[in-house]
Amino acid sequence: MDLRDVAGELYSAAPGDFIARRNAAAAQADRSTAKQIKTLRKPSASAAAINALTREHPDLVGDVLDIGSRMRDAFASRDRAEIRALTQERQRLLQRATDGLDLSPAVQREVEETLQAAVIDPAAAAAVRSGMLVRALESTGLEQVDVSDAVALPIDIEDFPAPRAGRRKAQSRGEDADAAEADDEPAEEEHTESPSERRERQRRIRAAEKAVARAREDAEALDDELDETVDRRGDLEAERDSLQRRLQRITDDLSEARAAERELRTRISDAQRAVREAEKALRDARDD
């Protein structure tokens, strides 16, 4: 049993079926593989929606992600007209991709942010294409998206290298210029981050990422516990229903037994009376 094949099947299922399917797959695998299967995390609602979108509409997702490489080339060449055209096309494709998903507003935003990150960042695009996302993605547009804990299994992103530093700077300049033209105002001068400010920002990011990871682990543990509790409750309800049916049968049998007992007592009383009458008749016959 191949772990990647199992993961592909699990992440193509509905989130509500994930725990049961994972347990079933682990039960059929050898000990080593079963242990790996049990580490596969249940996808968030937004991740599950993107996984389904990737499998059900691969051409549409491919069109969305293809915009990314075209936009990076446009930013690198500072082609503002092309940037504006691709930005509009990107919005149309994102709208098509998310239409009809029937998601809550919060989940819808996470889906859109993930697809936006995939458009901007090749690593995020590879994560989306894998169809094994476990959480949403987010990009600042300045740094490579961290997908290390966002995909169920390691993915090969060698075909999707991170944008070069020069391209990221060109993208930032292009976006500033585009916004300035749209507002008919000059672009503000970019603030240069000092080394100490950068270290402090990175420290805050790492601390926030750890807090998010811990919160996600706690939420996933509670989610697993809820699934187990729901299963246990279902078993108890089934047992209760079975006992109620058995109790009803016993109650019916008891009623029948009581009725039979009353009938027998009546017949015994009649028989005893008949015995007494027969004995009296015998005595009267002997006296004559």
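Any read-out appearing in this document is the output of simple, stated calculations on the displayed coordinates, not a laboratory observation. Worth saying up front: this structure is predicted, and the values here are computed from it rather than measured. Every residue, glycine as well, gets a Cβ built from its backbone with ideal geometry; the counts of neighbours run over all protein chains shown.
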Please compute the modelled spin-label separation between Glu89 and Leu60, points set 7 Å along Cα→Cβ, answer in nm with one decimal. 1.9 nm
Apply 1/(1 + (r/R0)^6) to the Cβ-Cβ distance of Gln28 and Leu222, taking R0 = 35 Å, and write down the FRET efficiency to the nearest 0.05. 0.85
Mind giving me the FRET efficiency for Arg109 and Glu82? R0 is 30 Å, r the Cβ-Cβ distance, nearest 0.05 is fine. 0.60
Long-range HN-HN contacts of Val151 with modeled amide H, under 5 Å: Val134
³J(HN,Hα) across region 237-248 via Karplus (A = 6.51, B = -1.76, C = 1.60, θ = phi - 60°), whole Hz, x for Gly/Pro? 5, 5, 5, 4, 4, 5, 5, 5, 5, 5, 4, 5
In sequence order, what are the phi-derived ³J(HN,Hα) couplings for region 32-49 according to the Karplus relation 6.51 cos²θ - 1.76 cosθ + 1.60 with θ = phi - 60°, rounded to whole Hz, with x for glycine and proline? 5, 5, 4, 4, 5, 4, 5, 7, 5, 8, 5, x, 5, 4, 5, 5, 4, 5
